[in-house]
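The structure under discussion appears below in the form of structure tokens.
Please treat every number below as a calculation from the coordinates, not as lab data. These figures come from a predicted structure and were not determined experimentally. Cβ coordinates were reconstructed from backbone atoms using ideal geometry, including for glycine residues, and neighbour counts include every protein chain displayed.
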Protein chains: 2
Amino acid sequence: VDQIDFLELHRGAAPAKGVTAWLVDALRAAIGEGRLAAGARLPATRALAGDLGLSRGVVVEAYQRLTDEGLLSGRTGAGTVVTGLAAQPQYQSRPREPSAMRLPLPPSPGVDLDLSPGVPDLSAFPRAAWLRAERAVLATATNADLGYGDPRGNPRLRGELAGWLARTRGVQTGADDLIVVSGVAQALALLAQTLLAQILRTHGGTEVAVEDPGSRGTRDELAHWGLRPVPVPVDDEGLRVDRLAATGLETVLLTPAHQFPTGVVLSPARRRALLAWPGLIIEDDYDAEHRYDRAPVAALQASAPDRVAYTGSVSKSLAPGMRLGWLIAPRARHADLVTAKHASDLGNPALPQLIFAHLLAGGDYERHLRTVRRRQVRRRDALLHGLREHVPHARVEGVAAGLHLLITLPGPADDTELARRLEQDGVRVHPISWHRQLDGPPGLVLGYAALPPDRLLEAARRMGRVLGAQRPR
Amino acid sequence: VDQIDFLELHRGAAPAKGVTAWLVDALRAAIGEGRLAAGARLPATRALAGDLGLSRGVVVEAYQRLTDEGLLSGRTGAGTVVTGLAAQPQYQSRPREPSAMRLPLPPSPGVDLDLSPGVPDLSAFPRAAWLRAERAVLATATNADLGYGDPRGNPRLRGELAGWLARTRGVQTGADDLIVVSGVAQALALLAQTLLAQILRTHGGTEVAVEDPGSRGTRDELAHWGLRPVPVPVDDEGLRVDRLAATGLETVLLTPAHQFPTGVVLSPARRRALLAWPGLIIEDDYDAEHRYDRAPVAALQASAPDRVAYTGSVSKSLAPGMRLGWLIAPRARHADLVTAKHASDLGNPALPQLIFAHLLAGGDYERHLRTVRRRQVRRRDALLHGLREHVPHARVEGVAAGLHLLITLPGPADDTELARRLEQDGVRVHPISWHRQLDGPPGLVLGYAALPPDRLLEAARRMGRVLGAQRPR
């Protein structure tokens, strides 16, 4: 019995199934933890088998596996000994370390009213329609559909999307020019990578113009990929194109249909000016589906397909967890982007693409959008009503579209401090200064998509308590 | 009627639904194609409505939308005129251009027996189990599960995978240290990006040792991301670790469980030597599930978790189209990799992660693997039988595991030419020279997973016809 003390096992302890794996694990642990040191000789297979009440074949097999792993070595006559491989650092679980601020923020237990912008109503996700579509897809998909596919995405989805985007956004494209991507985040990553490669070839500058205020997440992402976001101010007509022209830069990233976070729609005059500007336009059409007063303005890409890289996703229309979007780039940039997509992940997962194609083709997606749009209007109206009642001195902007609005406050205020105090009261909002690089008036960005009307009224009430004290005295 | 000739529309042509969009499209096309030039004045809304038999509100709305797009501008008294925005290049569909050789090759109509390595039996994909799991997931997933998640992946899947990899591969990890990725391709992209960043910080060299022969796709991918793959020869014990040490490099990428493409398992002596080598080991465990003679050797990571970055996927066990894999890196590299994953796509899609977690937890995945393994053995045996009969002079290697084997031929031969002639005969295989940078004996890599036994016998027959002529005369 002495012989097997090192194993911390005893006769009869073996499980009914998986005995070999159990013995291998025990031996490996004994070696890893130093109970069996380098050079130690193991018991003969027959002896250990007897001690543990196992068949000898199990022990032979276990020794062989550990020999294959290099932990044991066997020489004829010398028996089986532990090699010098042991004493490697052993794995220990560790707590998650705090990370730098990364949007979206993780959920916080003290927050019961999360008005972070950018999160849609996840309870509206069409689970039944999705499952029906999945059943249809699994019944009809070919084997080849499940193999390594075209890095641009499944051709059925590309065809459906090209038609959908032409009808709803005026986008000029064909199935061959569209790249299915893992959301706008990946579209921007691919654009950044190919832009940087071009910059390295041409010794150009790494600066890219972005809106200010504008999405902080987007800005951080461009910086990760080696580009330098240069802020260009936004006013109540959208991007200041005159200021863009004055920068001398060659690329701009913007959200013309519904500026994030101000909610402004790019005015016709600015649109004309931007289309006359000679650079590359990256159009993030992040929530164009959610326009309430009229059909959305067509995409910029519709007017200048050879100078606009157009991107969008289902993150705001279905759920961010889908990680499914599209990128339509000017002809000359297409091949480099497909190469970058291929090198990133070979292409998007097959089944979700086929399911989304099915939802587009059968009209389920359009029906879902109509339902959600009606619901969003009610939520927006509830929040507006609550703000008028409880925060009457706030100016409300960007209400004609989208899933969030912006309030600005008269007089000086530290919006980060206000957001901190609101969070103490259980309400999470984004201070607009998180999304600014330039100076500008303080404000709070309020997402209303994820909460029902009564919860939005409650949020407005709490905002009144905290922001009321901010009124100029 | 003259007034609306430019529209190429006529009274009564309007569809029953979507009249406004129809008119907007027609006007936009007329502007885009120059039928309405810059400066042209449009008919008064009342006149056009009358001509087309529409309500005036439709025309007003259409003009307004195009004004919003910047294509029209309206001044009081002057009517509505076309702006100078027109004359942008219009979109034209174009044929797909030929691309550089990129593995896997696209399907070819002349090939009826595709023995490309790396494609599993897609007909075995567990469609029914997948749909059952999806139903369960859609019934139980929380709304938060569908939102922006942890960039490392859904915690439920990370937990299941950590347990599964510990049991089946000896991998030492916890749910917090595992990153869910879009297949091994993305794992390598993330590793390459972070390695390159480190190299730029430390002015190190960009060379990474790779196996030769070794996966060409992997080599191309490293090169895309700015690393330079340096070939280290493989012999019948696997990677020549002495030659690796002689390179002086600090990183190696290899396939120890089943070397691609030779099928060799890294020998215990080499394994010991490699674990004594001080550099970073990237372990691509691409098809460890498919070992036939005994349980697979544990992962290298099991012996040196602080020096091995371990990656694998479901591409060979379920289907490549899943784009679902994992990456477990040494502690010190974890945070940079999570940041790179976040910047690449924010994280993997939610539903497939939850479904795979469900299949792991309920044992469906394990059952599927057992079924597939039995089937693969029969296919391998059929191919071996056919080769013995029809290509008796070929030497066959790498038969104990995996989804492919390697044949080498006596005497000099141009394997690329042989593969070309086989493809003319409807059989696609990979010449091993596609996967080599160094000189080495000619050979053909034959994947057998995707074809039933009778088709494999037929492939062997055709190989006999083509390769028979290669016999030394």
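If R0 is 51 Å, the Cβ-Cβ spacing of A:ALA29 and A:ARG228 corresponds to a FRET efficiency of close to 0.50. Between helix A:415-424 and chain A there is an angle of about 50 degrees, using the helix long axis and the longest principal axis of the Cα atoms. Where the alpha-carbon atoms of region B:277-338 are placed on the principal axes, they occupy 33, 28, 13 Å, in descending order. Placing a label point 7 Å from the Cα of A:ARG132 along the Cα-to-Cβ line, the residues of region A:357-399 whose backbone N sits under 19 Å from it are A:357-373. Go ahead and estimate [θ] at 222 nm for the protein assembly as shown from helices alone: -39,500 (n - 2.57) per DSSP H run with n ≥ 4, summed, over the residue count, rounded to 500. For the protein assembly as shown, the value works out to -13000 deg cm²/dmol. Taking 12 Å as the straight-line reach from the Cα of B:LYS341, the aspartates and glutamates in range (excluding those fewer than 8 positions away in the same chain) are A:GLU221, A:ASP345, B:ASP150. With a Förster radius of 25 Å applied to the beta-carbon distance between A:HIS393 and A:GLU417, the computed FRET efficiency rounds to 0.90. Using only side-chain charges placed at the Cβ, +1 for Lys and Arg and -1 for Asp and Glu, the dipole size of region B:399-473 relative to its Cα centre rounds to 200 debye. Compared with the dominant Cα axis of chain B, that is its longest principal axis, helix B:127-140 is turned about 60°. For the protein assembly as shown, the alpha carbon convex hull comes to 193 Å³ per residue, rounded to a whole number. For region A:16-26, 3J(HN,Hα) computed residue by residue from phi via the Karplus equation (6.51, -1.76, 1.60; θ = phi - 60°) reads 5, 10, x, 5, 5, 4, 4, 5, 4, 4, 5 Hz, glycine and proline entered as x. What you get for region B:340-399, charging only the Cβ of Lys and Arg (+1) and of Asp and Glu (-1), is a dipole of about 300 debye around the Cα centre. Taking the centroid of alpha carbons for each part, region A:1-60 and region A:301-375 are 55 Å apart.
When the inverse distances between all different Cα atoms of region B:274-419 are averaged and flipped, the Kirkwood radius reads 18.4 angstrom. With the simple model of a label 7 Å out from the Cα in the direction of the Cβ, A:ALA44 to A:VAL60 spans 1.4 nm. Using only alpha-carbon positions in region B:1-63, the gyration tensor eigenvalues give semi-axes of 17, 12, 11 Å once each is multiplied by 5 and square-rooted (largest first). The relative contact order of chain B, computed from alpha carbon pairs under 8 Å that lie at least 6 residues apart in sequence, is 18 percent. Sorted from nearest, the other copies put their A:PRO441 label points 8.0 nm away, the label point being 7 Å from Cα in the direction of Cβ. Using θ = phi - 60° in the Karplus curve 6.51 cos²θ - 1.76 cosθ + 1.60, the 3J(HN,Hα) couplings for region B:370-385 round to 4, 4, 5, 5, 4, 5, 5, 4, 4, 5, 4, 4, 4, 5, 4, 4 Hz; x is entered for Gly and Pro.
Extension gain, A:THR247 to A:TYR292: 0.36 nm times the residue separation minus the Cα-Cα distance gives 12.8 nm.
When peptides A:8-21, B:219-232 are sorted by average Cβ neighbour count within 10 Å, with the highest value leading, the order is B:219-232, A:8-21. When the convex hull of its Cα atoms is viewed from all sides, region A:336-473 shows a mean projected area of 12.0 nm².
If you sort the three axes of the alpha carbon gyration tensor as a ≥ b ≥ c, you get a/c of 1.5 or more for chain A and a/b above b/c, which makes it prolate.
Every Cα-Cα pair in region A:210-350 was counted, and those over 18 Å apart are 59% of them.
Dipole check for region A:197-238: with +1 at the C-beta of Lys and Arg, -1 at the C-beta of Asp and Glu, and the Cα centre as origin, the magnitude is about 420 Debye. Amide H to amide H distances under 5 Å link A:VAL208 with A:ARG228, A:VAL230, where only residues 5 or more positions off or on other chains count and H is placed in the peptide plane. Shortest first, in nm, what separates the label point of A:ALA37 from those of the same position in the other copies (7 Å along Cα→Cβ)? Its label point is 9.7 nm from the equivalent points in the other copies.
What FRET efficiency comes out for B:THR202 versus A:ALA37 if R0 is 51 angstrom and r is the Cβ-Cβ distance? Round to the nearest 0.05. Between B:THR202 and A:ALA37 the formula returns 0.90. Each other copy holds its own label point for A:ARG370; taking that point as 7 Å from Cα along Cα to Cβ, the gaps run 5.1 nm, nearest first. Remark on region B:92-246: ratio of C-alpha radius of gyration to 2.2 N^0.38 Å is 1.37. For region B:187-266 versus region B:380-408, the spacing of their alpha-carbon centroids is 27 Å.
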